[in-house]
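A short write-up of the structure that comes next.
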Amino acid sequence: MTIITLGPEGTFSHDLAQMMDSDIILVPTISRVFARVLDTGIPGLVPLENSEAGGVTATMDGLMQHPVFISEERYLPVHHTLASDTPLDKITVIFAHPQSHEQCSRYIDDLGVPVIHTESNAASAHAQKERSGSAAILSRTLAERSGIPVLAENIENNPDNVTRFIVIRKDPGIEEHPEKCSIIVDPGENRAGLLYDLLSPFKETGVNLTRIESRPSKRCMGNYVFFIDLQCEGNWKEAIERIRTISRVKHLGCYHLTGDNPCR
């Protein structure tokens with residue numbers, strides 16, 4: 001299988017794609033992964049959420065904006081390093097992707113060094129090499145590929161740090177007896193009892209939700225959409241149809257679980 005994912009070589013996305021025994025096409029940003037999937041029909045691999053830092057904004061925005069579907073999920077334990085060609089006590093600035101920063105916030109706070117955010121770990125590596133006296137938060141693989149010495153390992157807040165990835169496709173898959181479904185609920189309003197009305201159908205039909213997260217609708221302040229993952233149990237199809245009567249629903253797909261969540 002060929003898959004499109006975030007590069008360059010050494011990113012966590014690239015590491016996972018290699019484990020999937022895939023031919024890999026690397027692109028520089030998550031938004032480019034979505035664009036290439038739509039242009040080529042080749043599936044893409046993107047990070048969706050992290051056990052420490054929560055949802056990945058670029059992926060959630062891509063799911064909102066583009067006609068793509070989720071066909072499977074994967075989990076990857078994530079460990080970070082501090083890499084630099086400068087001694088630790090001489091570092092004046094750290095380059096880090098916002099997700100990496102949040103996952104390593106305690107270590108960074110203890111250092112007391114200013115942080116500059118980048119669009120990817122790969123961009124952090126490039127920025128470090130361009131600026132003397134700097135360091136970067138990277139995977140060990142990326143630090144080694146970039147030729148940047150590792151000063152500290154496993155600096156993440158939680159030793160059980162895990163990122164959930166999804167495979168996105170241009171066309172919906174057809175799964176018999178799926179285990180999980182993902183939807184985006186866009187009520188288009190803000191009123192008393194709204195969230196209760198959206199969640200009640202799941203309770204009343206015996207459906208367990210494994211994730212619910214809100215994102216701004218990008219229309220106006222105070223207007224949100226909800227990302228919901230649900231287990232395919234009980235009368236889950238009825239629950240989704242009941243929500244359709246009171247809200248817009250974007251069906252992202254139903255799929256089998258591929259790989260185990262190590263946090264379970």
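Throughout, read-outs are computed from the coordinates displayed, never taken from laboratory work. Treat the numbers as computed from the prediction; the structure is a model and nothing was measured. So basically every Cβ, Gly included, is an ideal-geometry build from the backbone, and we count neighbours across all protein chains shown.
Below are the figures for this structure:
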read-out: Rg to Rh, two decimals, where segment 157-222 supplies the alpha carbon set and Rh follows Kirkwood; value: 1.02
read-out: Segment 1-146 - Kirkwood radius from inverse mean 1/r over Cα pairs (Å); value: 15.9 Å
read-out: Sequence of Tyr107, Tyr196 once ranked by neighbouring C-beta atoms within 10 Å, starting from the fewest; value: Tyr196, Tyr107
read-out: Distance cut-off 35 Å, percentage of C-alpha pairs in the chain lying past it; value: 22 percent
read-out: Bridge type composition, the chain - antiparallel percent by DSSP, nearest 5; value: 75 percent
read-out: Hypothetical label at Ser217: residues of segment 169-201 whose amide nitrogen lies under 12 Å (7 Å Cα-Cβ projection); value: 185-191
read-out: Part-to-part distance (alpha-carbon centres) for segment 27-86 and segment 90-144, which is given in Å; value: 19 Å
read-out: Within a Gaussian network of the chain (alpha carbon springs, distance under 10 Å), most fluctuating of Arg191, Arg36, Arg244; value: Arg191
read-out: Stretchable slack from Ala152 to Thr2, in nm (0.36 nm times residue separation minus alpha-carbon distance); value: 50.6 nm
read-out: Cα point-scatterer Debye curve for segment 170-258, base-10 log of I(q)/I(0) at q = 0.15, 0.21 Å⁻¹; value: -0.56, -1.03
read-out: The chain: relative contact order in percent, alpha carbon pairs under 8 Å with at least 6 residues between; value: 23 percent
read-out: Cα-based shape type of segment 81-153, given that a ≥ b ≥ c are square roots of the gyration tensor eigenvalues and the cut on a/c is 1.5; value: rounded
read-out: Segment 1-88, relative contact order in percent, only Cα pairs under 8 angstrom and at least six apart counted; value: 25 percent
read-out: Highest-first arrangement of 48-61, 14-27, 206-219, where packing means the average Cβ count within 10 Å; value: 48-61, 14-27, 206-219
read-out: C-alpha center-to-center spacing [segment 148-175, segment 202-243] in angstrom; value: 24 Å
read-out: Pairwise label distance in nanometres, Met19 with Asp110, each label 7 Å out on the Cα-Cβ vector; value: 2.6 nm
read-out: In range of the label at Glu233: residues from segment 202-224 whose backbone nitrogen is under 18 Å from the point 7 Å along Cα→Cβ; value: 202-212
read-out: In nm, spacing of pseudo-spin labels at Glu144 and Asp89 (7 Å Cα→C-beta vector); value: 3.0 nm
read-out: Packing rank of 70-79, 150-159, where each peptide gets the mean count of other beta carbons within 10 Å, highest leading; value: 70-79, 150-159
read-out: Positive-end residue of Asn154, Val46, Ile240, charge dipole of the chain with Cβ unit charges; value: Ile240
read-out: Net lengthening on full extension, Asp39/Ile174 (0.36 nm per residue, minus Cα-Cα); value: 46.5 nm
read-out: Choice from Phe12, Phe227, Phe34 showing the highest fluctuation, given a GNM over the chain with Cα pairs closer than 10 Å; value: Phe227
